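Step one of this worksheet: look at the structure below.
The values are calculated or read from the model by the stated rules, or taken from the named source; none is laboratory data. This structure is a prediction, so every number in the text was calculated from the model and none was measured. No Cβ is skipped: glycine too gets one built from the backbone with ideal geometry, and neighbour counts run over all protein chains shown.
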Amino acid sequence: MEDRTSVVNVIPPWRKTFDFQMMTEDITFGQECFRKAILLRYPQHIFWAVISFFECLFLLQCALELAIVFNQDQLACQVFIVLAPVVYSILLLILSMAALDRYLAIVRYEWYKKSVTNCGVITVISFASVLSFVVITIPFWTGYQSIHTCSTNWVDMYWVLLWDLSLGVTCVILHFKIFY
């Protein structure tokens, strides 16, 4: 008699299986991409996917900062100086927009259901991100501040941090309005 418990099921690397033992159905890469795209069919899912993306960028920025400190790399320092205030500000802006999205979905449900679309959410997120990037990096591309010195101006950082504070307060206020 053949022992079935000793048989190893070899799955090619381009195929994936579900983690549950009762569902050992193989799915291809295309099927998995489709499955993940279906998860983004609601506007709030798009917000959270973009928030996750900017969180990853923020973590990469932290790793870049450590690499700059340890390796004294001038080029990496110049990239970091330009992007340091941008990623966190955009992250806070999108968190505020997600909180506003949830608030409107609760308070103005009928209007929200017929007015807010995935395309509209992607457009607003893209426009807000590009606008934030341009506004925050104005001192660098106008020549007011140079990236070659690898330093920031405290006045510019004051305004960026004041903007971040106002976005953070907006998030807190909207969350209080949602939950209380």
Flag if G120 is in contact with a Leu (Cβ under 9 Å, 6 or more places away or on another chain) and either at pLDDT 90 or above or not in a loop (DSSP other than H, G, I, E, B) (or both)
no
Please tell me if W141 is at pLDDT below 90 and loosely packed, with under 14 Cβ neighbours inside 10 Å.
yes
Just to be sure before I move on: is V82 touching a Phe, Trp or Tyr at 6+ places or on another chain (Cβ under 7 Å), modelled with pLDDT of 90 or more and on the phi < 0 side of the Ramachandran plot in the structure I sent?
no
Of all residues in segment 58-75, which are within 27 Å of S126 (Cα to Cα) and surrounded by fewer than 16 Cβ atoms within 10 Å (Cβ to Cβ)?
F58, L59, L60, C62, A63, E65
Residue check, F47 touching a residue at least 12 places away in the same chain (Cβ under 8 Å) and in a helix (DSSP H, G or I)
yes
What do you reckon, is L104 modelled with pLDDT of 90 or more and within 15 Å of W48 (Cα to Cα)?
no
D101 is checked against (1) free of Cβ contacts under 8 Å to residues at least 60 places away in the same chain; (2) in contact with an Asp or Glu (Cβ under 8 Å, 6 or more places away or on another chain) and fails just one. What number does that condition carry?
(2)
Screening S96, S132 for residues that are without any contact (Cβ under 8 Å) to a residue 60 or more places away in the chain and among the polar types (S, T, N, Q) leaves only S132
Residues (in a helix (DSSP H, G or I) and either among the small types (G, A, S) or surrounded by 11 or more Cβ atoms within 10 Å (Cβ to Cβ) (or both)) located in segment 144-159
D156, M157, W159
